[in-house]
Structures are given as C-alpha cells and as structure tokens.
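Asker: Okay, here's the structure, questions in a sec.
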Amino acid sequence: MDLYDVSFFLSTMWVGPFWIAMLIFPEHQMTKKVLKGPWFFLGPLIMWWLVTLANPQGMIDLVKDSGNPANILDGLAAIMGEKPGASAAWAHMVAGDIFVTKWIWKRCLNNQSPRWISATSVFFGVMLMPVGLLMCTLLVRENLDEDEKPDLNSIVS
C-alpha cells in the first residue's frame, strides 16, 4: 500500500461520516454542527494537495501542455492513467461531491422536503452527484413566505 492507495482510502472515508449524518440524521443538531464549518470537505482537499505535492510532475506537464487546447485532454488522460493522477482526481471528485451534497441537504431542510426526496437526493449526491443534484433541482420546491409569493392577479392583468 503506497501514498496513493492511502490517499484514496482516506479521502473516501473522510466524507463517509458527514454523508451518513446527512442521510440518516438530517435534522439532528450534531449533523448541523459538524456541517457548519469546512471540515466536511477539508479532508479530501488535504489529500489532493498531498498527492499533488508528492508528484508535481503531472501538474507541471498539464500546465506546460495547456497552451495548446488540443493537448489538454491528452494530458489529463495521461495524468489520470497513473496512480498519482487517479488518486488526485478521486480526492477532487469526492471534495466536490460532498460540497454539493451539503448544499442538497441544506436545501432539502430549508424547504422541508419530504423525507424520501431528501434521503434519495443526499444518497445520490455522493454516489452519483449529477443525479442527486438533478433530483434536488427537480423535486425540491421552494417554501416562500406569503409576502414573497408572486401575486398571480397582478401578473395576469
């Protein structure tokens, strides 16, 4: 087991407790407390930095080749085809997934979404983030105060 295996494991395991808290205990005070600060996404970011600093050549090559747009995708493919690049990409994705999942969770709470919508959106927020985000966007309806609701009579007339 090398640095890249460890970083993959740690970035994945880091977000697990936060995700489980949002999924199983969405309204618990401890869930709200631990999701207040940056801790929920800091672990994967630290893993990304460690992996990137341990093998900076991949980023150097990517930046060097970024002058020609035709080379960017090839450069990314080359970086992600090796353990350092795959590990860094994974930490990057996990950090983004948990960040978006926190937004999904918060939106569901703020709008008092039905539990099945909240749980399903949060579940897919980490597992397949685009699916969770789409579900939340389509299924969670804004709870507007009476004074914020549009007056349909004034719109029609």
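Asker: Show me the helices (runs of 4 or more DSSP H) entirely contained within region 1-116 in which 2 or more residues are polar (S, T, N, Q). If you could, list the steps in order and put the result at the bottom.
Answerer: On the way: elements: 3-24, 29-34, 39-54, 57-65, 69-80, 83-110.
Answer list for region 1-116: 3-24, 29-34, 83-110.
Asker: Among the residues of region 140-157, write down those that are among the hydrophobic types (A, V, I, L, M, F, W, C), out of contact with any Ser or Thr (no Cβ under 7 Å at 6 or more places or on another chain) and either at pLDDT below 50 or surrounded by 12 or more Cβ atoms within 10 Å (Cβ to Cβ) (or both).
Answerer: Within region 140-157, the subset among the hydrophobic types (A, V, I, L, M, F, W, C) is 140, 144, 152, 155-156.
Then drop every residue that is not out of contact with any Ser or Thr (no Cβ under 7 Å at 6 or more places or on another chain), which leaves 144, 152, 155-156.
Within region 140-157, Leu152, Ile155, Val156 meet the criteria.
Asker: Further question on the same structure: What number of residues within region 25-42 satisfy the criterion of being free of Cβ contacts under 8 Å to residues at least 40 places away in the same chain and closer than 15 Å to Ile98 by Cα? I'd like the intermediate steps shown before the answer.
Answerer: Step one: of region 25-42, the residues free of Cβ contacts under 8 Å to residues at least 40 places away in the same chain are 25, 28-34, 36-39, 42.
If we keep only those that are closer than 15 Å to Ile98 by Cα too, we end up with 31-32, 34, 36-39, 42.
Residues flagged as free of Cβ contacts under 8 Å to residues at least 40 places away in the same chain and closer than 15 Å to Ile98 by Cα within region 25-42 amount to 8.
Asker: Okay, moving on. Restricting the search to region 62-85, which residues are loosely packed, with under 15 Cβ neighbours inside 10 Å and either modelled with pLDDT under 75 or of a type in the set (A, V, I, L, M, F, W, C) (or both)?
Answerer: Kept after step one, since they are loosely packed, with under 15 Cβ neighbours inside 10 Å, are these residues of region 62-85: 63-64, 66-70, 72-74, 77, 81-82.
Val63, Lys64, Ser66, Gly67, Asn68, Pro69, Ala70, Ile72, Leu73, Ala77 - these are the residues of region 62-85 that are loosely packed, with under 15 Cβ neighbours inside 10 Å and either modelled with pLDDT under 75 or of a type in the set (A, V, I, L, M, F, W, C) (or both).
Asker: Next question, about the same structure. Among the residues that make up region 126-134, is at least one of them in a helix (DSSP H, G or I), touching a residue at least 40 places away in the same chain (Cβ under 8 Å) and under 20 Å from Met22 (Cβ atoms)? Write out each step before concluding.
Answerer: At the first step, the residues of region 126-134 found to be in a helix (DSSP H, G or I) are 126-127, 129-134.
Cutting the leftovers down to touching a residue at least 40 places away in the same chain (Cβ under 8 Å) gives us 126.
Subsequent filtering for residues that are under 20 Å from Met22 (Cβ atoms) retains 126.
The answer is yes, given that some residue of region 126-134 is in a helix (DSSP H, G or I), touching a residue at least 40 places away in the same chain (Cβ under 8 Å) and under 20 Å from Met22 (Cβ atoms).
The values are calculated or read from the model by the stated rules, or taken from the named source; none is laboratory data. Note that this is a predicted model, so its numbers are computed, not measured. Note that each Cβ is placed from the backbone with ideal geometry, even for glycine, and that neighbours are counted across all protein chains shown.
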